[in-house]
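**Q** Below is a structure I'd like to ask you about.
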There are 2 protein chains.
Amino acid sequence: MNIRFFNANIVPFRNADAEVILGELWVSDDKIVLVGEPSGAPLSWDREIDCRGNLLLPGFKNAHTHSAMTFLRSFADDKPLLDWLNEDVFPLEKFLTGDDIYTLTTLAIMEYVSGGTTAAFDMYYQPDYVTRSAIDTGFRMVLCGSINDFGGTKETLRDEFEKYNKLHPLISQVLGFHAEYTTSKALIKDVSDLAHELCAPVFTHNSETRQEVEGCKERYGMSPTKFLDSLGMFDFGGGGFHCVHFTDEDTQIFKSRGLYAVTNCGSNVKLASGIPPVEKWYRDGVKVAIGTDGPASNNCLDFFREMFLVTGLQKLEHGAASTDANLVLHSACSVGADAMGLSECNSLECGKQADLIMIDMHRPNMQPVNNMTKNVVYSGSKENVALTMIRGNVVYENGRFVTIDDPEEIYRKSNAIIARIRRASGR
Amino acid sequence: MNIRFFNANIVPFRNADAEVILGELWVSDDKIVLVGEPSGAPLSWDREIDCRGNLLLPGFKNAHTHSAMTFLRSFADDKPLLDWLNEDVFPLEKFLTGDDIYTLTTLAIMEYVSGGTTAAFDMYYQPDYVTRSAIDTGFRMVLCGSINDFGGTKETLRDEFEKYNKLHPLISQVLGFHAEYTTSKALIKDVSDLAHELCAPVFTHNSETRQEVEGCKERYGMSPTKFLDSLGMFDFGGGGFHCVHFTDEDTQIFKSRGLYAVTNCGSNVKLASGIPPVEKWYRDGVKVAIGTDGPASNNCLDFFREMFLVTGLQKLEHGAASTDANLVLHSACSVGADAMGLSECNSLECGKQADLIMIDMHRPNMQPVNNMTKNVVYSGSKENVALTMIRGNVVYENGRFVTIDDPEEIYRKSNAIIARIRRASGR
């Protein structure tokens, strides 16, 4: 398929500058083949899209989520993290079947693509079902290993890593484990050994709550970051999810090792976990990616709300000039891709994967057009997502889910799942 | 016109309980004539709307805004309040004509209705143009007096009050002045005198920044709330916008006088003004309404983002159980109406004005339906606004602005206004 976008404002994100160029973007099969001024012979177009000045961006990269947790949206609210995990999440997740996870992941993917997210870094169980949902819907999914004391070993992690990194072009896997506080030192050491064996980066939940950091200090006399680093965990890169309660030393380790701090402000707000030191990370040159966390703690998968929170919470802490909106947009579109190992999706340039979104500027919240990219971060909303393309395929357009036959069936099944779990759990 | 909504989930907000009932809602001309189980003879229907289980709510009431400031959206960002006001807002507003204000208010109204807001409490200049825009678009606008040392007197305020309270059913006026820090004591005293003359409530910006409170203490030895109360300003009710830096004594004055604290979290975040004591207000029984503030400081007019911030910021400060989502929804739909003097729009009950919105639950961010009202606050978005009705007229439906002939014309004119102001101001 050859698709031509014309009359487009384009933010290619060739670098951190949110430069806007007016021109065309050509897609051939899964790749971008031209950005900017047309040159050379036009292709034989299967489709030509007049963007009417609308904005093309690399899609948002949701760099930390638990997609299938859609079933607990608005079910388990208003509790701090550990109560929420131990009283609601862990007991209720036990009732989920593989088919449930397929349905619930599909529901999350619908929310991703309707909000302009083209890839997710997903940590959940039963990856066979997660990946099947992604493949069936044309969504790009990077699995993050999630072993911990409740399940998984070095061997299962290696097997998954090998299996999912050759399964399908939309699917990949990155090494990971759930968190220091749910994983024994022996198993953590196994993960580090595997990272060395595979020369691969590792991601995990890190310093989400004050309690977690204090627990780790009691156990090992060090912060989670320092403890994991002392085991060689990050010798081949990686990063942490949340990273709310970071010391300057933690930040320094992240900077010197080139690790990604994945911030999850919506979830940190709702679970009352705290405000991460994002402004400091940007100033110190730590790579910042953005995730929603799962839909049971956020409670949505909305990158517009998330981007506003990333900059807004820093302004509250450090003043109105903090955490430039364009840096946040770069994190959302580009740095997140790098964190997930998707450097082929981190910009709109020739040869890159055609993962992109069209932002409708012809809506009142985007007018007048004083600054397109600040409009996206400060006043954008899911209503502005006119089109979402992944690997050259349009998966969402003008409110319609192109790759989902019957959205209502997904809603019905999702409601049936939580109804069944309510009955089984007596909740 | 007789309009029948059926198969609806309805949150009538007869009281603060966010009770959901399944049934019908009948509208005849500007009024609601039935809510719940159908009884009596059906009317002769001009239109019947199958809600398919979607949610009917009283519309959101934006209880503090400066609508026409749309022209500065993403133009003057990343500054604290006083710099932003003195360097950007005040100098650039001087270039606005009445026709500009008509266009820019219309742009804001488009954003209101597309986001489910059915009424706004607007503080701006040239009310003739503001009200004409509201009347032409079928939007409900309550003007808040805004006199200060740069313009306006007791007499002009009285004239406006009398004029706009009899102009049109969609328009009303409440006494107000800009703020203590922009208004001389003599003029403030005049407003208080007028409140006594008219037995009317008064609203003003109050304690938005720490600087403002300190300035007032230097001038008068009291907080703004205490100072204004000492002048008898609130003897007939009223309230304050922002109220970020409130002492317990300020809260006590608001409680004992039945005043409305109108919170503006998005703006307070973006201008780094601080976090208002909303949780304390709810606990102490202070009436809490919600506003976006103007689109140049927020930078949008999105009540979904606003509601999440109202509860989210309190959770950050006081724990995950703080500031119940249903209380926030009640503030948004109902308390805001009371603050604005629109008690006829504060619930979906027989005899009340037909100001309502339909929330589309058939979208992935609202599924599964574990808790409809929490879904609205925690995961809702403007994409969920399927229909907005004001005074019995549908003004927005499925992305279309029913009362605006040509949205593109409003966008073109808005861009022309800021282009002209850029040239004139050399900015």
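The values are calculated or read from the model by the stated rules, or taken from the named source; none is laboratory data. Bear in mind that the values here come from a model prediction, so they are computed numbers and not experimental data. Every residue, glycine among them, receives a Cβ derived from its backbone with ideal geometry; neighbour counts consider all protein chains shown.
**Q** Could you check region B:341-370 and list, in sequence order, the residues that are β-branched (V, I, T) and either facing chain A (nearest Cβ under 10 Å) or under 28 Å from B:C199 (Cα atoms) (or both)?
**A** B:V369
Every residue, every condition in (1) of a type in the set (A, V, I, L, M); (2) farther than 22 Å from B:A68 by Cα; (3) touching a residue at least 12 places away in the same chain (Cβ under 8 Å), yes or no:
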position	(1), (2), (3)
A:A337	yes, yes, yes
A:G341	no, yes, yes
A:D355	no, yes, yes
A:I359	yes, yes, yes
A:R363	no, no, yes
A:M372	yes, no, yes
A:Y378	no, no, yes
A:K382	no, yes, yes
A:A386	yes, yes, yes
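**Q** Of all residues being in contact with a Phe, Trp or Tyr (Cβ under 9 Å, 6 or more places away or on another chain) and among the aliphatic types (A, V, I, L, M) in region A:83-107, which is nearest to A:K166 (Cα to Cα)? Just the residue, please.
**A** Ranking the candidates gives A:I101 first.
**Q** Still on this structure, please answer the following. Does region A:89-110 include one or more residues that are surrounded by fewer than 20 Cβ atoms within 10 Å (Cβ to Cβ), of a type in the set (G, A, S) and more than 14 Å from every other protein chain (Cβ to nearest Cβ)?
**A** Scanning region A:89-110 turns up at least one residue that is surrounded by fewer than 20 Cβ atoms within 10 Å (Cβ to Cβ), of a type in the set (G, A, S) and more than 14 Å from every other protein chain (Cβ to nearest Cβ).
**Q** To continue, here is another question. Determine which member of the set B:A386, B:A337 is modelled with pLDDT of 95 or more, of a type in the set (G, A, S) and closer than 30 Å to B:V174 by Cβ.
**A** Values: B:A386 fails: closer than 30 Å to B:V174 by Cβ.
Of the residues listed, the single one that is modelled with pLDDT of 95 or more, of a type in the set (G, A, S) and closer than 30 Å to B:V174 by Cβ is B:A337.
**Q** Within region A:13-29, track down each residue that is within 17 Å of A:Y282 (Cα to Cα) and without any contact (Cβ under 8 Å) to a residue 60 or more places away in the chain.
**A** A:N15
**Q** Could you give me the residue pairs with C-beta distances under 7 Å whose first residue belongs to region B:195-222 and is free of Cβ contacts under 8 Å to residues at least 24 places away in the same chain, whose second residue is surrounded by fewer than 19 Cβ atoms within 10 Å (Cβ to Cβ) wherever it lies, and which are 6+ apart or on separate chains?
**A** B:M222/B:S230
**Q** Output the residues belonging to region B:316-371 that are of a type in the set (G, A, S) and touching a strand residue (DSSP E or B) at 6+ places or on another chain (Cβ under 9 Å). Reasoning before the result, please.
**A** Residues of region B:316-371 that are of a type in the set (G, A, S), as a first pass: B:319-322, B:325, B:331-332, B:334, B:336-337, B:339, B:341, B:343, B:347, B:351, B:354.
Listed by number, the residues that qualify are B:S331, B:A332, B:S334, B:G336, B:A337, B:A339, B:G341, B:S347, B:G351, B:A354.
**Q** Identify the residue in region A:336-370 that is in a helix (DSSP H, G or I) and over 21 Å from the mean Cα position of the chain (by Cα) and, among all such residues, is surrounded by the fewest Cβ atoms within 10 Å (Cβ to Cβ).
**A** A:M366
**Q** Within region B:27-68, take every residue that is more than 30 Å from B:M123 (Cα to Cα) and among the β-branched types (V, I, T) and give me the one that is farthest from the other protein chains (Cβ to nearest Cβ). I'd like the intermediate steps shown before the answer.
**A** Pass one, region B:27-68, residues more than 30 Å from B:M123 (Cα to Cα): B:27-28, B:33-55.
Checking the rest, the ones that are also among the β-branched types (V, I, T) come to B:27, B:33, B:35, B:49.
Numbers: B:V27: 26, B:V33: 32, B:V35: 24, B:I49: 18 Å.
Step by step, filter region B:27-68, then rank; the result is B:V33.
**Q** Okay, moving on. Could you tell me whether B:F71 is crowded, with 16+ Cβ neighbours inside 10 Å, under 19 Å from B:Y124 (Cβ atoms), under 22 Å from the mean Cα position of the chain (by Cα) and not acidic (D, E)?
**A** Details: crowded, with 16+ Cβ neighbours inside 10 Å: yes; under 19 Å from B:Y124 (Cβ atoms): yes; under 22 Å from the mean Cα position of the chain (by Cα): yes; not acidic (D, E): yes.
Against the criterion (crowded, with 16+ Cβ neighbours inside 10 Å, under 19 Å from B:Y124 (Cβ atoms), under 22 Å from the mean Cα position of the chain (by Cα) and not acidic (D, E)), B:F71 qualifies.
**Q** What residue, of A:F71, A:F139, is in contact (Cβ under 8 Å) with a residue 60 or more places away in the chain, in contact with a helix residue (DSSP H, G or I) (Cβ under 8 Å, 6 or more places away or on another chain) and within 11 Å of chain B (Cβ to nearest Cβ)?
**A** The match here is A:F71.
**Q** Here's something else I'd like to know. Determine which member of the set A:G240, A:G266 is under 30 Å from B:K315 (Cβ atoms) and in contact with a strand residue (DSSP E or B) (Cβ under 7 Å, 6 or more places away or on another chain).
**A** Result of the check over A:G240, A:G266: A:G240.
**Q** Right, next: Which condition number does B:E155 fail, the rest of (1) surrounded by fewer than 19 Cβ atoms within 10 Å (Cβ to Cβ); (2) closer than 25 Å to B:I404 by Cβ being met?
**A** Single failed check for B:E155: (2).
**Q** Out of curiosity, is B:R14 in a loop (DSSP other than H, G, I, E, B) and farther than 30 Å from B:F241 by Cα?
**A** Working: in a loop (DSSP other than H, G, I, E, B): yes; farther than 30 Å from B:F241 by Cα: no.
It is false that B:R14 is in a loop (DSSP other than H, G, I, E, B) and farther than 30 Å from B:F241 by Cα.
**Q** Among the residues of region A:371-405, what is the count of those that are part of a loop (DSSP other than H, G, I, E, B), over 11 Å from A:G115 (Cα atoms) and in contact with a helix residue (DSSP H, G or I) (Cβ under 6 Å, 6 or more places away or on another chain)?
**A** Number satisfying all stated conditions: 1.
**Q** Please specify each residue of region A:270-283 satisfying the condition of being charged (D, E, K, R) and crowded, with 24+ Cβ neighbours inside 10 Å.
**A** A:K270
**Q** Hey, another quick one. What do you reckon, is B:C333 in contact (Cβ under 8 Å) with a residue 60 or more places away in the chain, in contact with a Leu (Cβ under 7 Å, 6 or more places away or on another chain) and surrounded by fewer than 21 Cβ atoms within 10 Å (Cβ to Cβ)?
**A** no
**Q** How many residues are at the interface with another protein chain (Cβ under 8 Å from one of its Cβ atoms) and either buried (at least 19 other Cβ atoms within 10 Å of the Cβ) or out of contact with any strand residue (DSSP E or B) (no Cβ under 9 Å at 6 or more places or on another chain) (or both) if we restrict to region B:405-419?
**A** Of region B:405-419, the ones at the interface with another protein chain (Cβ under 8 Å from one of its Cβ atoms) are B:407-408, B:410-411, B:414-415, B:417-418.
Checking which are either buried (at least 19 other Cβ atoms within 10 Å of the Cβ) or out of contact with any strand residue (DSSP E or B) (no Cβ under 9 Å at 6 or more places or on another chain) (or both) leaves us with B:408, B:410-411, B:414-415, B:417-418.
Residues flagged as at the interface with another protein chain (Cβ under 8 Å from one of its Cβ atoms) and either buried (at least 19 other Cβ atoms within 10 Å of the Cβ) or out of contact with any strand residue (DSSP E or B) (no Cβ under 9 Å at 6 or more places or on another chain) (or both) within region B:405-419 amount to 7.
**Q** May I ask you to list the residues in region A:374-404 that are surrounded by fewer than 20 Cβ atoms within 10 Å (Cβ to Cβ) and within 11 Å of chain B (Cβ to nearest Cβ)?
**A** Result: A:N398, A:G399.
**Q** Further question on the same structure: Taking A:T117 as meeting all but one of (1) among the β-branched types (V, I, T); (2) touching a strand residue (DSSP E or B) at 6+ places or on another chain (Cβ under 6 Å); (3) surrounded by fewer than 22 Cβ atoms within 10 Å (Cβ to Cβ), write down the number of the exception.
**A** Every listed condition holds for A:T117 apart from (3).
**Q** Counting only residues that are surrounded by 24 or more Cβ atoms within 10 Å (Cβ to Cβ), on the phi < 0 side of the Ramachandran plot and not hydrophobic (A, V, I, L, M, F, W, C), how many does region B:240-269 have?
**A** Of the residues in that region, 8 qualify.
**Q** Here's another thing I want to ask about it. If you go through region A:382-426 one residue at a time, how many are acidic (D, E) and either in contact with a His (Cβ under 6 Å, 6 or more places away or on another chain) or within 28 Å of B:D302 (Cα to Cα) (or both)?
**A** Of the residues in that region, 3 qualify.
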